[in-house]
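Enquirer: Quick one: this structure, given as structure tokens, is what I'll be asking you about.
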Amino acid sequence: MFRVWGRTVKRGHTIKEYTACIEDYTLNRTRKVYAALDEICQNLKLPKPYWLNLNQKDFIQFAKTRFTQDNFMDKIDFDYLEFQVIEEDY
């Protein structure tokens, strides 16, 4: 199973959170990541953020990244969306 935790944070406090579980083993890791982000955004009722180079580098190195206002076209009412892999099977 591939599980990703997403949470919105404002002033250091978690506002909303959701854990996406991707069980489609036919998908490669990249497609699982995008599917998890879609599921998290849908359940938290958030616009989908854009991946910037910094996000890609952080995610590759730490399996975690933060999406700030720079990643969204619309104004957001939180400081950032944290996106972190919490379980991954190979």
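Enquirer: Output the residue which, of all residues in region 1-59 that are in contact with a helix residue (DSSP H, G or I) (Cβ under 7 Å, 6 or more places away or on another chain) and assigned to a strand (DSSP E or B), is nearest to I86 (Cα to Cα).
Expert: Checked region 1-59; the qualifying residue nearest to I86 (Cα to Cα) is V4.
Enquirer: Let me ask you something else. Could you say whether any residue in region 30-38 is of a type in the set (D, E), at pLDDT 95 or above and surrounded by 14 or more Cβ atoms within 10 Å (Cβ to Cβ)?
Expert: If we filter region 30-38 for residues that are of a type in the set (D, E), which is where we start, we get 38.
With at pLDDT 95 or above added as a condition, the list becomes 38.
Still in the running and surrounded by 14 or more Cβ atoms within 10 Å (Cβ to Cβ): none.
Within region 30-38, none of the residues are of a type in the set (D, E), at pLDDT 95 or above and surrounded by 14 or more Cβ atoms within 10 Å (Cβ to Cβ).
Enquirer: Scan region 75-90 residue by residue and report those that are surrounded by fewer than 17 Cβ atoms within 10 Å (Cβ to Cβ), of a type outside the set (D, E) and within 23 Å of T26 (Cα to Cα).
Expert: If the condition is that a residue be surrounded by fewer than 17 Cβ atoms within 10 Å (Cβ to Cβ), of a type outside the set (D, E) and within 23 Å of T26 (Cα to Cα), then Q84, I86, Y90 are the ones that fit.
Enquirer: Counting only residues that are of a type in the set (D, E, K, R) and either surrounded by 17 or more Cβ atoms within 10 Å (Cβ to Cβ) or modelled with pLDDT of 95 or more (or both), which one in region 54-74 is nearest to V4 (Cα to Cα)?
Expert: Here is the first cut: in region 54-74, the residues of a type in the set (D, E, K, R) are 57-58, 64, 66, 70, 74.
Imposing the further condition that a residue be either surrounded by 17 or more Cβ atoms within 10 Å (Cβ to Cβ) or modelled with pLDDT of 95 or more (or both) reduces the set to 57-58, 64, 66, 70.
Details: K57: 17, D58: 15, K64: 9, R66: 13, D70: 22 Å.
My answer is K64.
Enquirer: Still on this structure: For region 71-90, which residues satisfy the criterion of being over 20 Å from H13 (Cα atoms) and acidic (D, E)?
Expert: The answer is D74, E87, E88, D89.
Enquirer: Restrict the check to region 31-41 and report whether at least one residue is closer than 20 Å to E17 by Cβ, touching a Pro at 6+ places or on another chain (Cβ under 9 Å) and among the aromatic types (F, W, Y). Before the answer, list the steps.
Expert: Filtering region 31-41 down to residues closer than 20 Å to E17 by Cβ leaves 32-41.
So of that shortlist, the ones also touching a Pro at 6+ places or on another chain (Cβ under 9 Å) come out as 37, 41.
Cutting the leftovers down to among the aromatic types (F, W, Y) gives us none.
No, that holds for no residue.
Enquirer: Could you give me the residue pairs with C-beta distances under 6 Å whose first residue belongs to region 46-69 and is under 16 Å from Y18 (Cα atoms) and without any contact (Cβ under 8 Å) to a residue 24 or more places away in the chain, whose second residue is buried (at least 17 other Cβ atoms within 10 Å of the Cβ) and among the polar types (S, T, N, Q) wherever it lies, and which are 6+ apart or on separate chains?
Expert: If the second residue must be buried (at least 17 other Cβ atoms within 10 Å of the Cβ) and among the polar types (S, T, N, Q), the pairs left are T65/N55.
The values are calculated or read from the model by the stated rules, or taken from the named source; none is laboratory data. Nothing here was measured: the structure is a model prediction, and the numbers come from that model. Don't worry about glycine lacking a Cβ; one is built from the backbone with ideal geometry, like all the others, and counts go over all protein chains shown.
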